[in-house]
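J.: Let me give you the structure first, and then I'll get to my questions.
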Amino acid sequence: NKINDIITTDAGGRGMTHLVVPGDLLASAKLLARLTAKSKSRPRDPPSRNDDDGDDGGDDDPLVIILSGFPCCVAHAPPTETDGPPGAWAIAAAASNLGHRVVLVTDRCNEDVFRASAPEHKLDDADDSKWELITFPPEEDMTEDQSQRLRALARKADVIIACERAGPASDGKCYTMRGIDMNEKGLIAPLHRIVEMARERNNGGGRVGDDDDEANVKFIAVGDGGNEMGMGKVLGKIHEHIPNGKLIGAVTE
């Protein structure tokens, strides 16, 4: 409870205390700590010729996909907000220390910031506990091979964690807190599709708190404003309490 109280402090006065879901932090921590590879629960799909997802580890270790990156500083290069990268790498470290494989996925425009903020040597080929960083371009620039790579990530994931990841609103666009359309700026890769494709395989399940099949790919999300992936779980409260909430509120839950 003490950790929960600290991390849910509304330091910026955005109204985020209204978005806190009691019990979700503990449930998420337990899920990550007790994670097992879904290959032990259900058969894997046969390999695809487009199955290059950057992960060459064994199926016996769970695969954690971390989605992050919020390019809201649209007038700057790089445009990356700085709270997402250290949080994402901290989650990666926790998952790796638990013995899980880690792939962090972000937009192409965020790559330099994520590489610069990664723990030393963790992205080096020589590191035995190698973590992967994979980037994707905006949807309009995606190739078929890159679309297949998104599908492979969704298929192989055991849990997907969104940490300060821009999420599409009800109109499909990702907005800053001030209502700037980041898709229009050519900054957003369609990383939400990884969750959508995993959900299709889950028949809709997999949210934290769902009482569903252990073999389902689970989804955990962290956000502090209402425009991040996963905040659709409290969309009504975003509309009610967050400035511009009806425009920017992310619908992925």
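The values are calculated or read from the model by the stated rules, or taken from the named source; none is laboratory data. As the structure is a prediction and not an experimental result, all values here were calculated from the model. When we count neighbours, we look across all protein chains shown, and the Cβ atoms used for this are built from the backbone with ideal geometry, even at glycine. Surface accessibility is based on the protein's heavy atoms, side chains included, excluding ligands, DNA and RNA. Shrake-Rupley method; radii C 1.70, N 1.55, O 1.52, S 1.80 Å.
J.: Among the listed residues Gly99, Gly84, identify the single one that is of a type outside the set (A, V, I, L, M) and at positive phi.
T.: Gly99
J.: While we're on this one: Here is a list of conditions, (1) at pLDDT 95 or above; (2) within 18 Å of the chain's Cα centre (by Cα); (3) open to solvent by 50 Å² or more (accessible area, probe 1.4 Å); (4) not basic (Lys, Arg), and Glu81 meets all of them except one; can you say which number that is?
T.: Failing condition for Glu81: (3).
J.: Need a quick list: strands (runs of 3 or more DSSP E) entirely within the stretch 71-187 having at least 2 residues that are within 19 Å of Asn227 (Cα to Cα).
T.: 101-107, 159-165
J.: Taking the conditions exactly as written (surrounded by 20 or more Cβ atoms within 10 Å (Cβ to Cβ), at pLDDT 95 or above and touching a helix residue (DSSP H, G or I) at 6+ places or on another chain (Cβ under 9 Å)), does Ala221 satisfy them or not? Spell out how you get there, then give the answer.
T.: Working: surrounded by 20 or more Cβ atoms within 10 Å (Cβ to Cβ): yes; at pLDDT 95 or above: yes; touching a helix residue (DSSP H, G or I) at 6+ places or on another chain (Cβ under 9 Å): yes.
Yes.
J.: Related question: May I ask you to list the residues in the stretch 217-232 that are out of contact with any Ser or Thr (no Cβ under 9 Å at 6 or more places or on another chain) and either hydrophobic (A, V, I, L, M, F, W, C) or free of Cβ contacts under 8 Å to residues at least 60 places away in the same chain (or both)?
T.: Passing the criteria: only Val217.
J.: Keeping to the stretch 1-35, report how many residues are surrounded by 13 or more Cβ atoms within 10 Å (Cβ to Cβ) and of a type in the set (Asp, Glu).
T.: 2
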